[in-house]
Each structure stands twice: as structure tokens, then as C-alpha cells.
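The values are calculated or read from the model by the stated rules, or taken from the named source; none is laboratory data. Because the structure is a prediction, the values reported are computed rather than measured. We place every Cβ from the backbone using ideal geometry, glycine too, and count neighbours over all the protein chains shown. Areas reflect the complete protein model, heavy atoms only, side chains present, ligands, DNA and RNA absent. Shrake-Rupley method; radii C 1.70, N 1.55, O 1.52, S 1.80 Å.
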Amino acid sequence: MPLSSNFCSKNIKAMWKGRFSQDTSSLVQQFGESISYDWRLFPQDIAGSIAHARGQLTAGLLNADEFAAIEGGLRGIEADIRAGKFEFKTSLEDIHMNIEAELTRRIGPPGAKLHTARSRNDQVATDTRLYCRCEIDGLSTAIRGLQLALLERAERYATTVIPGYTHLQRGQPVTAGHHFLAYVEMLERDQSRLADCRKRLNISPLGSGALAGSTINLDRHAIATELGFDGVTHNSMDAIADRDYIAELLFVMALCGAHLSRLSEDLILWCTSEFAFAALSDAHTTGSSLMPQKKNPDVCELTRGKTGRLVGNLMNLLVALKGLPLTYNRDLQEDKPPLFDSVDTLRLILAVNTELIAAMELREENCRRAASDPMLLATDLADYLVKSGMPFRHAHECVGKAVAESLRSGIPLDQLDFSALDPAFGTDAGAVFSLERALAARSNLGSPSIANVRAEIQRWQQILHQSSAL
Ligand code: ARG
């Protein structure tokens, strides 16, 4: 990453200065520059320029020597940027003009031909699509890593019974394995949304020019193919104005963050003394400078907190887009800070949570104790009555009365004298309260019986190992 010392405020004449007689105010330069953040598009900008130059070569606009000079010059610039040896100039506004100006300084006249049949408008749209495509691939790999960590925890705790909650009140028994797999499933939807977004954005806007294409024809398809695009855009005005792909990606990232924020909230609860279901490792928790006993789940809290940024970044772009007339308006330059911020934030969230999940442990004794609450099987007792022919609504009422009696008398639900409560209860009603049987009975596809969870673990192992081998 280039250092800030690589930025210089020396005044270089802008490339569009021909019709102007006054210098640009330095405040305007400061206000309008994007090089301080769009420098990171340099690999995409250079790849786009080389493909464009090859299109010019094929069209006879460049000869082989000129093309070679451009390609060599651009590769040299790329190497210098990577080595931190390139000086970005704020007065040249953005990455596009910084690279082009330096190319011309290095190689002379052929450099000045590069911008033929191109505008910064189709250039920035191309760069950003390529950048999003690359980051989608990285995010997808990172999500895969987290899914694998969750899968490994699901396997480790496949038989650990915990209460499942609705309204944060104990509901019915599940296994921790089932709980972890819920997040694997959720993240798989994020994967498919990323893939979908990638498919839609992977078309080339190059050739759309400033807004109305160009009078100089380059082979758009060949250029697109060189850049790994699946096709080309079909309307130059839409291609220039379109930032849907950024909005989509910001949404997918915000939703993925929301998923991880929910996981964080589960873990925060599980790590309280009140729940005491889980322990995070020392490496992934922090202490208090005042209270010596504390072990705080800061990573989970920060994941929850940073998700606010991911949601905010999506709002940021949507608000910037909503009032823009076709086609390019400088407002569009504001698309990149939220995009870069969300990519950086989510990447870090995924990495740190993968570590945290891999190292977390369940306090199985506490889980089992909480799951042994007979109230968790009140629904099973109603199902028992249903199996003897009672309509469910009546069974619900009947068991509701038994629950009230248990609460009133202080006798645990599983120890009540059921036949005294209602003749519909047989002598075998108490057998309903075997946790093992109750869990095994949840054998419907998607339900948390241990056999099901094991089968799901195998299914996920195949899916995840297959796709991570790709
Ligand atoms: N830095 C600009 C951006 O990010 C590039 C396009 C500038 N185009 C223009 N017509 N001023 O949007």
C-alpha cells in the first residue's frame, strides 16, 4: 500500500486545462481530488488501459512500437506503485490522470494517444467493475473460510443439546450443531448473492466514451474478453450512469454483516454469566482496565457495531444516486469511499470471526443443564395428546393448564400427576420428557435430530470442500 508520503501537492497542469485561463483554486483541488482513495484502482486502471491500447493497435491507431511502449510504460508504473516508489499528484485529481500523465512523461508521444476513443467516464466504470469483481472473489473465499470454521464447530458439538429460543425465551431443544449450521446456511445465501452480483456486473462499459460512445470504432468485444468480461454494455448512457453493481454489492455486504452481527449477539449472550453456554478464547477477548474479573467479547460487539457502517455505506450511495440526471455527474465520484470502506470492513470482520469461531468452546455441562428444563418439552406433551386423537388446539389448552399447575405448585412439569389433571393423559405421558427421545423424534428434514444434523454436516462438507477446491 503506498504511503501517504507518496502524495504530493505540486501543481501539475490538468489535462483538461485547454480552455481555462485561470489556475484551479487549491481549495477546489482539495475538494475535488479522489487520488487519496482511488489510487487503489491502479491494477484495474492499468489492465483496462493495456486492453484499450491493444484495441487501438488492432484498429490501426497505434503501431506495434507505440503499443509496446505503452504496455511497457504501464507495467513499469504498476511495478513502481506496488513498490511504493510512485508519486501521486493531487493536482492530477484521480488515478486515471495520474497514470496517464506519468505514462506520457515516461514514454513521450505514444502516451498521449492512449486516451483516443476513451473517456474517464467509461474508464472509471470499467475500473470499478473490475475492482468489485476481484473483491467479490476475495469475499467469497473469506466467507467460505468462516463457513468451514462454523462447520467444524457444528461437528464438534453435533450432540450438545441447548435450548432453542424464540423471543429470547426458551422454546424447544435443539443441538448446538444445528445452531451453527443455521449460520452456515445463512452465509451460503450471501455466497449466492455475491455470485449473482458478480454475474450481472461482469460486462464491459469500455467504448461508451463520455456518454455517447465514440466516432472511432474499437473492437469492444475483444477488449472485453481480454479483461475477462462476459460481454459488453448495450447503451452508452446507461453504462456511464450505472452504479447499480456497487449498490448491489454494498447491499450484499450489509446483509452479510447483519448475519454476522446476529451471530455476534448469540455469542455475546452465550458468554454472559447468566447463560454461560460458551467461552471465547483469551486471544479473542479483552479485559477491563478497572474490573479484574472481566473478559469481554469486544470482537462480537465490534462486529455488531461495524455492521452499522456497512448499512450506512449502502444508504450513502443510494442517496447519492437517487437524484442524478443521466449521465455522469461528479457526485458519482463519491461512490468509492463507501465501497472501499465496506470491502475493508467486511473483509476484516470475516477474518477475525473465522479465528474466533475456530477457537470458541461450549460449556457443555451448562448447555445440558439448561436444555434439561422440562418446559422445553411442553410442545411434545401436546403432540403426545394429538397422537391419541385430540385436536391440537385442545391439546395446547390442556398442556397450558399443566404448565400453569407446575408454575403454581412449584412441581416440575415432568413430575406432575398427569392423569389427575386430565383423563386424556395416559400413564405413559411422563415418558415424553426424555430429552434424547424428544430430539430423535425431530427427524423431519430440516429438524434438529442428531441423525439429521450429522447428515447435514456431511452434506455441507461436500459442498464446502468442493467449492474451496475450485
Ligand atoms: N475521478 C472520477 C470519478 O471517480 C473519474 C471520472 C471523472 N469524469 C469527469 N467527467 N470529471 O468519478
Any hit, the range 108-116, residues being under 22 Å from residue 220 (Cα atoms), crowded, with 20+ Cβ neighbours inside 10 Å and within 16 Å of the ligand (Cβ to nearest atom): yes
Subset of the range 18-27 [under 20 Å from residue 96 (Cβ atoms) and exposed (fewer than 12 other Cβ atoms within 10 Å of the Cβ)]: 18, 19, 20
Pick from the range 54-80, criterion open to solvent by less than 20 Å² (accessible area, probe 1.4 Å), farther than 20 Å from residue 92 by Cβ and part of a helix (DSSP H, G or I), ranking: farthest from the ligand (Cβ to nearest atom): 67
Inter-residue pairs, beta-carbon under 6 Å, first within 15 Å of residue 210 (Cα to Cα) and modelled with pLDDT under 95 and in the range 322-333, second away from the ligand (no atom under 12 Å from the Cβ) and of a type in the set (Gly, Ala, Ser), 6+ apart: none
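Looking only at the range 217-241, count every residue that is in a loop (DSSP other than H, G, I, E, B) and touching a helix residue (DSSP H, G or I) at 6+ places or on another chain (Cβ under 7 Å) and tell me the total.
Going residue by residue through the range 217-241, those that are in a loop (DSSP other than H, G, I, E, B) are 217-219, 227-230, 233-235.
Retained after the next criterion (residues that are touching a helix residue (DSSP H, G or I) at 6+ places or on another chain (Cβ under 7 Å)): 218-219, 227, 233.
Total satisfying the criteria: 4.
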Count of the range 81-99 residues which are within 12 Å of the ligand (Cβ to nearest atom) and open to solvent by 20 Å² or more (accessible area, probe 1.4 Å): 1
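Within the range 175-196, take every residue that is of a type in the set (A, V, I, L, M, F, W, C) and surrounded by fewer than 23 Cβ atoms within 10 Å (Cβ to Cβ) and give me the one that is nearest to the ligand (Cβ to nearest atom).
So in the range 175-196, the residues of a type in the set (A, V, I, L, M, F, W, C) come out as 176, 180-182, 184, 186-187, 194-195.
Those still in the list that are surrounded by fewer than 23 Cβ atoms within 10 Å (Cβ to Cβ) too: 182, 184, 186-187, 194-195.
Values: 182: 40, 184: 38, 186: 34, 187: 32, 194: 24, 195: 27 Å.
Top of the filtered list is 194.
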Contacts under 7 angstrom Cβ, first residue in the range 140-165 being assigned to a helix (DSSP H, G or I) and surrounded by fewer than 23 Cβ atoms within 10 Å (Cβ to Cβ), partner of a type in the set (Asp, Glu) and at pLDDT 95 or above, 6 or more apart: 143/190
Complete set of residues in the range 120-138 that are away from the ligand (no atom under 12 Å from the Cβ) and either open to solvent by less than 10 Å² (accessible area, probe 1.4 Å) or modelled with pLDDT under 95 (or both): 129, 132, 136
Residues satisfying the stated conditions in the range 69-112, i.e. at positive phi and small (Gly, Ala, Ser): 84, 108
Residue list for the range 18-41, filter: closer than 20 Å to residue 114 by Cα and away from the ligand (no atom under 13 Å from the Cβ): 18
Given (1) assigned to a helix (DSSP H, G or I); (2) open to solvent by 10 Å² or more (accessible area, probe 1.4 Å), index of the condition residue 46 fails: (2)
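Do we find a residue being more than 30 Å from residue 191 (Cα to Cα), open to solvent by 60 Å² or more (accessible area, probe 1.4 Å) and charged (D, E, K, R) anywhere in the range 436-458? Can you show your working first?
Initial filter on the range 436-458 (more than 30 Å from residue 191 (Cα to Cα)): 436-441.
Filter again for open to solvent by 60 Å² or more (accessible area, probe 1.4 Å), leaving 436-437, 440-441.
Still in the running and charged (D, E, K, R): 436-437.
Yes, the range 436-458 has at least one match.
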Long-range neighbours under 6 Å by Cβ, at least six apart or interchain, first residue of a type in the set (Ser, Thr, Tyr) within the range 182-193, second assigned to a helix (DSSP H, G or I): 183/150; 183/263
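Does the range 325-342 contain any residue that is closer than 30 Å to residue 280 by Cβ and either loosely packed, with under 14 Cβ neighbours inside 10 Å or away from the ligand (no atom under 16 Å from the Cβ) (or both)? Give the steps one after another, and end with the answer.
Filtering the range 325-342 down to residues closer than 30 Å to residue 280 by Cβ leaves 340-342.
Okay, now just the ones that are also either loosely packed, with under 14 Cβ neighbours inside 10 Å or away from the ligand (no atom under 16 Å from the Cβ) (or both), so 342.
Looking for residues that are closer than 30 Å to residue 280 by Cβ and either loosely packed, with under 14 Cβ neighbours inside 10 Å or away from the ligand (no atom under 16 Å from the Cβ) (or both), one finds at least one in the range 325-342, hence yes.
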